[in-house]
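Beneath this line is the structure, given in C-alpha cells, with notes to follow.
The values are calculated or read from the model by the stated rules, or taken from the named source; none is laboratory data. From a predicted model like this one, the values you see are computed outputs, not experimental measurements. Every residue, glycine as well, gets a Cβ built from its backbone with ideal geometry; the counts of neighbours run over all protein chains shown. Surface accessibility is based on the protein's heavy atoms, side chains included, excluding ligands, DNA and RNA. Shrake-Rupley method; radii C 1.70, N 1.55, O 1.52, S 1.80 Å.
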Amino acid sequence: RLMLGINATEDAVAVLREQMGLNQSVFARYFSWLSGLLVGDLGKSFTYSSQVSELIGERIWVSLPLALLALFLSTIIAIPVGLYAAARRGRASDSGIMAATQFGIAIPNFWFALLLVYVFAVLLRWVPAGGFPGWENGFWAALFSLALPAIALALPQAAILSRVARSALIEVLSEDYIRTARAKGLTQSQTLWSHALRNAMIPVVTIIGLQFAFLLAGTIIIENVFYLPGLGRLVFQAITQHDLPVVQGTVLLLVASVVTINFLVDILYAWIDPRLRHSSR
C-alpha cells in the first residue's frame, strides 16, 4: 500500500503481492530470503528499484574508509595519551588528561561534527562543509573530504580508548618484571614502550575492535551531517522511506562485521600474548 499509493486498485495490490512473494507463508518467505542470502542476494530495494547488494557495494567505499580513518586517528591519539597519563599517575597532568577525556566522552559526536563544520568550513573556510567528490576524482581530494567526519568520529572514541589504555598500563606498571626492567637500567620511556605497552594491549585491542564496529554503525549520523553518500545516509533514507530490504541488508552487514572483527581480535590476542598460545597447546 505504501509503494503503490492510497489510490491503488486491489488488482494492482494483488499483482505486487505476487511479485514480492507476500502471498506465501512466513516460513517460505524466510527460507527464500535465506537461500538468496547464501548467494549474495539481499533482495531488491523498494525505493531505488535495484539490488540491495549493489547499493551497499556502492556506499561501503565511503563508510569503510571513513571508519578506518577514524579508527586510525583515535588509536594514534589515545595510545600516547594513555601512556603519558599512566607514567604521571596522580600528577596534575594526569588529572588534566582525565578531565579532558571525560569531556570528550560527554560530547556527542554529531554536536562535535557541527562545531567542526562551523569553525573550519564556515569561519575559516579551509574545507568544504560537506559532500564527497568520489574516489575517481582523486584519492587525496576524496580523503580530504573525509577528514572532518573522521575527526568528529575519532575524538570521542580516542577519549574512551585513552582511559582504557591508562588503566591497563597502571595495572601492568605494578608488576614485578617492570621493577626488574627499571633495576636493570632501562629508562622509564624504554620500560613503557618495550615492556608495559605490549602487556597492556589485550584490553586496548578489545576496545579497538569494538570501536571499529561502533564507528561503522556510528556513521549514520555523521554522514547525514556532512552529506556523505555512505551506508549511514543510505540507512537513514531507507528508514524514512520504509525501505525494509535496504535496512535489513545493511543491519545484516553490520552484524557480520561485528562477528568478524571479534573473531580477528581473538586471533590477535595470541599474537600479542604468547602465553595464550602456550596455554592452548
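Considering only region 31-44, I want to know if a residue exists there that is open to solvent by 50 Å² or more (accessible area, probe 1.4 Å) and touching a strand residue (DSSP E or B) at 6+ places or on another chain (Cβ under 9 Å).
Yes; the residues of region 31-44 include at least one that is open to solvent by 50 Å² or more (accessible area, probe 1.4 Å) and touching a strand residue (DSSP E or B) at 6+ places or on another chain (Cβ under 9 Å).
State whether one or more residues within region 22-44 are touching a residue at least 24 places away in the same chain (Cβ under 8 Å), assigned to a strand (DSSP E or B) and not acidic (Asp, Glu).
Within region 22-44 (the criterion being touching a residue at least 24 places away in the same chain (Cβ under 8 Å), assigned to a strand (DSSP E or B) and not acidic (Asp, Glu)), the answer is yes, since at least one residue qualifies.
Could you tell me whether region 65-83 includes any residue that is open to solvent by 30 Å² or more (accessible area, probe 1.4 Å), at pLDDT 90 or above and more than 24 Å from the chain's Cα centre (by Cα)?
Within region 65-83, not a single residue is open to solvent by 30 Å² or more (accessible area, probe 1.4 Å), at pLDDT 90 or above and more than 24 Å from the chain's Cα centre (by Cα).
Could you tell me which numbered condition Val119 fails, if it satisfies all but one of (1) surrounded by 12 or more Cβ atoms within 10 Å (Cβ to Cβ); (2) within 30 Å of Ala200 (Cα to Cα)?
For Val119, the failing item is (2).
Considering only region 136-151, how many residues are open to solvent by less than 100 Å² (accessible area, probe 1.4 Å) and either more than 28 Å from Ile105 (Cβ to Cβ) or not aliphatic (A, V, I, L, M) (or both)?
5
Please verify whether region 261-280 includes one or more residues that are at pLDDT 85 or above, open to solvent by 40 Å² or more (accessible area, probe 1.4 Å) and closer than 19 Å to Glu54 by Cα.
No, region 261-280 has no match at all.
Do the conditions hold for Arg17, that is, is it part of a helix (DSSP H, G or I), over 28 Å from Thr219 (Cβ atoms) and in contact with a Gly (Cβ under 8 Å, 6 or more places away or on another chain)?
No, not satisfied.
State the number of residues belonging to region 48-69 that are touching a helix residue (DSSP H, G or I) at 6+ places or on another chain (Cβ under 7 Å) and not in a helix (DSSP H, G or I).
Residues in region 48-69 being touching a helix residue (DSSP H, G or I) at 6+ places or on another chain (Cβ under 7 Å) and not in a helix (DSSP H, G or I): 1 in total.
Give me a count of the residues in region 173-213 that are farther than 16 Å from Ala87 by Cα, small (Gly, Ala, Ser) and open to solvent by less than 30 Å² (accessible area, probe 1.4 Å).
Final tally of qualifying residues: 2.
Can you tell me which condition Ala158 does not meet? The list is (1) modelled with pLDDT of 80 or more; (2) of a type in the set (A, V, I, L, M, F, W, C); (3) open to solvent by 10 Å² or more (accessible area, probe 1.4 Å); (4) closer than 19 Å to Ser95 by Cβ, and all the others hold.
(3)
Taking the condition of being at pLDDT 85 or above, open to solvent by 30 Å² or more (accessible area, probe 1.4 Å) and closer than 17 Å to Val52 by Cβ, how many residues in region 214-240 meet it?
Residues in region 214-240 being at pLDDT 85 or above, open to solvent by 30 Å² or more (accessible area, probe 1.4 Å) and closer than 17 Å to Val52 by Cβ: 6 in total.
Checking the condition touching a residue at least 60 places away in the same chain (Cβ under 8 Å) and part of a helix (DSSP H, G or I), which residue from Thr219, Thr206 passes?
Thr219
Which members of region 20-30 meet the condition of being more than 30 Å from Gly232 (Cβ to Cβ) and open to solvent by 80 Å² or more (accessible area, probe 1.4 Å)?
Asn23, Gln24, Val26, Phe27 - these are the residues of region 20-30 that are more than 30 Å from Gly232 (Cβ to Cβ) and open to solvent by 80 Å² or more (accessible area, probe 1.4 Å).
Output the number of residues of region 84-102 satisfying the condition of being open to solvent by 70 Å² or more (accessible area, probe 1.4 Å) and either in contact with a strand residue (DSSP E or B) (Cβ under 9 Å, 6 or more places away or on another chain) or closer than 15 Å to Leu161 by Cβ (or both).
Adding up the residues that qualify gives 2.
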